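Q: My questions will all concern the structure given below.
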Amino acid sequence: MSRPAVRAVLLALAVIALDQGAKALVRSSIARGDARDVLPGLELVNTRNTGVAFGLFAGKGGLVVGIVTALALVALLVFFVANRTRPVVWLPTGLLVGGAVGNLIDRVVRGDGVTDFVKLPKWPAFNVADMAITVGVIALIWVLERPRVRHG
């Protein structure tokens, strides 16, 4: 396996572990539907999201969400293979795969949606996987938009 692939896999595994660990901690310490104030404007909650990141497609059924997730993962892996020589391409790949798999684990294992727990004012609750996906998209745009350096 190439060095970028190893980095992407290790980052994805780290995201999955952090996401699943945080969700388990929230489920064990905050009753479903309850909230705890952490800082002004920041709450920890225990809620379920049946949609994708930040509640998109909520209530559309697991099949639609599963199809969207599967298509996104396939497209991302094809992109990674085709662009594995781009500098830092492992970063968005690891973040996006880790985030998608972290939320997919909840859907498969728990069956009642994804555990979300970070709540900001006027914003849907989210989790570590959602944060990784968001940062991964920003990193992907950066990787795609930065100029390629030509050698020779």
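Q: Do we find that residue 93 is among the β-branched types (Val, Ile, Thr), touching a Pro at 6+ places or on another chain (Cβ under 9 Å), more than 21 Å from residue 44 (Cα to Cα) and open to solvent by less than 20 Å² (accessible area, probe 1.4 Å) in this structure? Walk me through it before giving the result.
A: Details: among the β-branched types (Val, Ile, Thr): yes; touching a Pro at 6+ places or on another chain (Cβ under 9 Å): yes; more than 21 Å from residue 44 (Cα to Cα): yes; open to solvent by less than 20 Å² (accessible area, probe 1.4 Å): yes.
Yes; evaluated as a whole, the condition is true for this residue.
Q: Now for a different question. Between 44, 63, 25, 76, which is modelled with pLDDT of 95 or more and outside any strand (DSSP E or B)? Don't jump to the end; show me each part of the working.
A: On the way: 44 fails: outside any strand (DSSP E or B); 63 fails: modelled with pLDDT of 95 or more; 76 fails: modelled with pLDDT of 95 or more.
When all the criteria are applied, what remains is 25.
Q: Would you say residue 88 is among the hydrophobic types (A, V, I, L, M, F, W, C), touching a Phe, Trp or Tyr at 6+ places or on another chain (Cβ under 9 Å), surrounded by 13 or more Cβ atoms within 10 Å (Cβ to Cβ) and under 30 Å from residue 47 (Cα atoms)?
A: Values: among the hydrophobic types (A, V, I, L, M, F, W, C): yes; touching a Phe, Trp or Tyr at 6+ places or on another chain (Cβ under 9 Å): yes; surrounded by 13 or more Cβ atoms within 10 Å (Cβ to Cβ): yes; under 30 Å from residue 47 (Cα atoms): no.
No, not satisfied.
Q: If you don't mind, there's one more thing I want to ask. Please tell me if residue 112 is touching a Ser or Thr at 6+ places or on another chain (Cβ under 6 Å) and farther than 27 Å from residue 1 by Cα. Walk me through how you get there before you give the answer.
A: Values: touching a Ser or Thr at 6+ places or on another chain (Cβ under 6 Å): no; farther than 27 Å from residue 1 by Cα: yes.
In short, no.
Q: Let me ask something else about it. In this structure, is residue 116 outside any strand (DSSP E or B) and touching an Asp or Glu at 6+ places or on another chain (Cβ under 9 Å)?
A: No, not satisfied.
Q: Right, here's the next one. Suppose we filter 107, 86 for residues that are in contact (Cβ under 8 Å) with a residue 24 or more places away in the chain and over 30 Å from residue 29 (Cβ atoms); which single one remains?
A: Within the list 107, 86, the selection yields 86.
Q: Here's a check for you: in segment 119-149, which residue that is assigned to a loop (DSSP other than H, G, I, E, B) and of a type in the set (A, V, I, L, M) is modelled with the lowest pLDDT?
A: Start the filter on segment 119-149 by keeping residues that are assigned to a loop (DSSP other than H, G, I, E, B), which leaves 120-125, 127, 146-149.
Among the residues that remain, those that are also of a type in the set (A, V, I, L, M) are: 120, 125, 149.
Values: 120: 95, 125: 93, 149: 64.
Restricting to residues being assigned to a loop (DSSP other than H, G, I, E, B) and of a type in the set (A, V, I, L, M), the top hit is 149.
Q: List the pairs whose first member sits in segment 116-137 and is free of Cβ contacts under 8 Å to residues at least 60 places away in the same chain, whose second member is of a type in the set (S, T, N, Q) and open to solvent by 50 Å² or more (accessible area, probe 1.4 Å), and whose Cβ atoms are under 6 Å apart, counting only residues at least 6 apart or on separate chains?
A: Here the result reads none, with nothing in segment 116-137 linked to a residue that is of a type in the set (S, T, N, Q) and open to solvent by 50 Å² or more (accessible area, probe 1.4 Å).
The values are calculated or read from the model by the stated rules, or taken from the named source; none is laboratory data. Bear in mind the structure is a predicted one, so any value in this text is a computation, not a measurement. Neighbour counts run over all protein chains shown; Cβ positions are idealised from the backbone, glycine included. Keep in mind that these areas ignore ligands, DNA and RNA; they rest on the heavy atoms of the full protein, side chains included. Shrake-Rupley method; radii C 1.70, N 1.55, O 1.52, S 1.80 Å.
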